[in-house]
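What follows is a short report on a single structure.
Nothing in this text is a laboratory measurement; each read-out follows from the coordinates by a stated rule. Fair warning: this is a prediction, and the values are worked out from it, not measured in the lab. Backbone-built Cβ (ideal geometry, glycine too); neighbour counts: all protein chains shown.
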Amino acid sequence: MILVLQPLGDISKEKVKFTKTEIDSFYVFDSIIILAKKELPAMAWYEPRKRYVSDSLLVFLKTLKPANANYLLGLTDKDIATEKGDNPNYGIMGQGYCPGNSCVVSTFRLNKKALSKNIFWDRFSKVVLHELGHNFGLPHCEENDSCLMNDADGTIKQVDKERKYLCTECLKITSVHTR
């Protein structure tokens, strides 16, 4: 199984390398490849809120996925949003097709109330692993509040409560191997 990481915009090499290390320590892939940076597409920009529409980013990312790759993860520091209920532009930390082969994660909201850099890195790791979980077919977990697949519902507090593990119910659903 091959995963490619697609840096978007000005995200740092440090964050991209960290992402690779975190994924490799949690999920089993044959290979994780880092692609060259791409600019965020203008067609995904939502001018009224000055952020990117994640659904449009996912469509864009699908066009970048190499034929030999199973999954593609886009990474950005820019704010992203999706439609939620009556809100056409709800700010989020990440989004992934469930199941599917692409997801996107933004670091933009992960620094909120972070008391240390370690808290930021922990949040970033959990959101990345969560969105890949969606790609593997895992829905939001309703069995265990500390499961990685619990729905953050846009709040950083829930991300902080989660642990980097899949509960027994989630492990029953997916065939993807974790370490």
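Quick one: dipole size for the chain, taken about the Cα centre, charges +1 on Lys/Arg Cβ and -1 on Asp/Glu Cβ, in debye to the nearest 20.
580
Looking at the stretch 67-179, what % of its DSSP beta bridges pair antiparallel, to the nearest 5?
If we restrict to bridges inside the stretch 67-179, about 55 percent are antiparallel.
Grab the Cα-Cα distance for residue 33 and residue 84, subtract it from 0.36 nm times how many residues apart they are, and report the gain in nm with one decimal.
15.1 nm
For the chain, what is one quarter of the convex hull surface built on the Cα atoms, given in nm²?
Mean projected area of the Cα convex hull: 9.8 nm².
Mind jotting down the distance between the C-alpha centroids of the stretch 160-179 and the stretch 43-98, whole Å?
Here the answer is 24 Å between Cα centres.
Could you tell me which Cys residues in the chain have no other cysteine's Cβ under 4.7 Å from their own Cβ, answering none if every one has a partner?
Isolated Cys, the chain: 98, 103, 170.
Quick check for me: using +1 on Lys/Arg Cβ and -1 on Asp/Glu Cβ, what's the dipole size of the stretch 84-179 about its Cα centre, in debye to the nearest 20?
It comes to approximately 480 debye.
When the helices in the chain are scored as -39500 (n - 2.57) per DSSP H run of 4 or longer and the sum is shared across all residues, what 222 nm value do you end up with, to the nearest 500 deg cm²/dmol?
Counting only the DSSP helices, I get -9500 deg cm²/dmol.
Using the charge dipole of the stretch 2-173 (Lys, Arg: +1 at Cβ; Asp, Glu: -1 at Cβ; taken about the Cα centre), state which of 53, 97, 6 has its Cα farthest towards the positive end.
6
For residue 78, which lysines qualify as cross-link partners when the Cα separation must be under 20 Å and same-chain residues fewer than eight apart are set aside?
Cross-link targets: 13, 15, 17, 20, 37, 38, 50, 62, 112, 113, 117, 126.
Quote the charge dipole size of the stretch 58-105 about the Cα centre in Debye, to the nearest 20; the model charges only the Cβ of Lys and Arg (+1) and of Asp and Glu (-1).
The dipole magnitude comes to about 220 debye.
In angstroms, what radius of gyration and Dmax does the stretch 105-179 have, counting Cα atoms only?
So, for the stretch 105-179, Rg and Dmax equal 12.1, 36 Å respectively.
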